[in-house]
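Okay, structure first, notes after.
The values are calculated or read from the model by the stated rules, or taken from the named source; none is laboratory data. Here the structure is a predicted model, which means the values were calculated and not measured. When we count neighbours, we look across all protein chains shown, and the Cβ atoms used for this are built from the backbone with ideal geometry, even at glycine.
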Amino acid sequence: MDTQVVHISPRSNRERKASFESNKLAKRLRRQVGQAIADFDMIRDGDQVMACLSGGKDSYALLDILLHLRSRAPVHFDIIAVNLDQKQPGFPEHVLPEYLTRLGVPFHIENQDTYSIVKRVIPEGKTMCSLCSRLRRGVLYRVAQELGATKIALGHHRDDILETFFLNMFYGGKLKAMPPKLVSDDGRNVVIRPLAYCEEKDLEAYAELRQFPIIPCTLCGSQATLKRKEVKALLQDWERRYPGRIDTMLTSIQNIKPSHLLDRTLFDFHAVRATGVPVADGDTAFDSGS
């Protein structure tokens, strides 16, 4: 009896492996977003979620994953994509409308020349991000009210949150990061960050996989001296030398011990007395990792 030998080409093996890894990546990101939404009660039944789309990899991934989760979520919520066209020279204003039209996603393009304001106010060579961010935030808050949005979804991820934590600690004298959910400055909007558990490198790989039409930021993206870039490089170096360090850092800002810091507004140090009763978070708090 003849035995047939089936030869599988190396290319077929590579393609299957690539497909497997791509599916793993998509499932991991969707799981992390779903977990963040559940952990912080980000989206409820009947919400109108305004997904802010800049044209960068993170906001594309945010919209893409939210659309996927909406089709499977136990609650009903609507999504409208919003882009703020800041009138930067050379901005390809056709890209996002064409992309969103192909997806069949409701969208709104808000035209505001914040670019000229930033260029006029900020001296050449100085960091533009702070003013640009404040102007953009104010416009988006207004648009959310006009559109009837109940949640404003931003594309900040795990690395953004930790970079902000260290920026505030190193340069601002505060232990403060980007919260996954907060009330906006004007008190009228709820801002959510569904990518809070997602790694930037995963989002980069996902953007390549999904072939998002990326639009680079020409306003401040080329500023090599940004403090955020310095902090990003520092964290990446730590992660290279000590794999898993970033995950530990994220865990740490979810596990705060006010009694072992120095903020008198969070803990009443005047009330500390020896009672003879064991305290769960006493000196043992110093043991772990020492």
- Message: I'd like the residue in region 245-290 that is aliphatic (A, V, I, L, M) and over 21 Å from LYS174 (Cβ atoms) and, out of all such residues, is modelled with the lowest pLDDT.
- Response: ALA285
- Kindly indicate the residue of region 237-259 that is assigned to a helix (DSSP H, G or I) and among the charged types (D, E, K, R) and also surrounded by the most Cβ atoms within 10 Å (Cβ to Cβ) among those meeting that condition. GLU239
- Task: Filter region 51-86 for residues that are of a type in the set (D, E, K, R) and under 12 Å from the mean Cα position of the chain (by Cα) and give the result.
- Result: LYS57, ASP58
- Which condition breaks for GLY138 when tested against (1) closer than 27 Å to ALA196 by Cα; (2) part of a helix (DSSP H, G or I); (3) in contact with a helix residue (DSSP H, G or I) (Cβ under 8 Å, 6 or more places away or on another chain); (4) not basic (Lys, Arg)? (3)
- Message: Conditions first: (1) free of Cβ contacts under 8 Å to residues at least 60 places away in the same chain; (2) surrounded by fewer than 15 Cβ atoms within 10 Å (Cβ to Cβ); (3) under 17 Å from ARG193 (Cβ atoms). HIS94 passes all but one, so which condition is the exception?
- Response: (3)
- Item | Failed criterion for GLN211 (all others in (1) in contact (Cβ under 8 Å) with a residue 24 or more places away in the chain; (2) at positive phi hold) | (1)
- Out of curiosity, is GLY125 modelled with pLDDT of 95 or more, in a loop (DSSP other than H, G, I, E, B) and of a type outside the set (A, V, I, L, M, F, W, C)? no
- Output the residues belonging to region 1-49 that are modelled with pLDDT under 95, surrounded by 10 or more Cβ atoms within 10 Å (Cβ to Cβ) and of a type in the set (Asp, Glu). GLU15, GLU21
- Query: Quick one: TYR197 ticks every box in (1) farther than 30 Å from ARG102 by Cα; (2) outside any helix (DSSP H, G or I); (3) at pLDDT 90 or above bar one, so which box is it?
  - Reply: (1)
- Query: So is TYR99 out of contact with any Ser or Thr (no Cβ under 6 Å at 6 or more places or on another chain), surrounded by 17 or more Cβ atoms within 10 Å (Cβ to Cβ), at pLDDT below 90 and among the aromatic types (Phe, Trp, Tyr) or not?
  - Reply: no
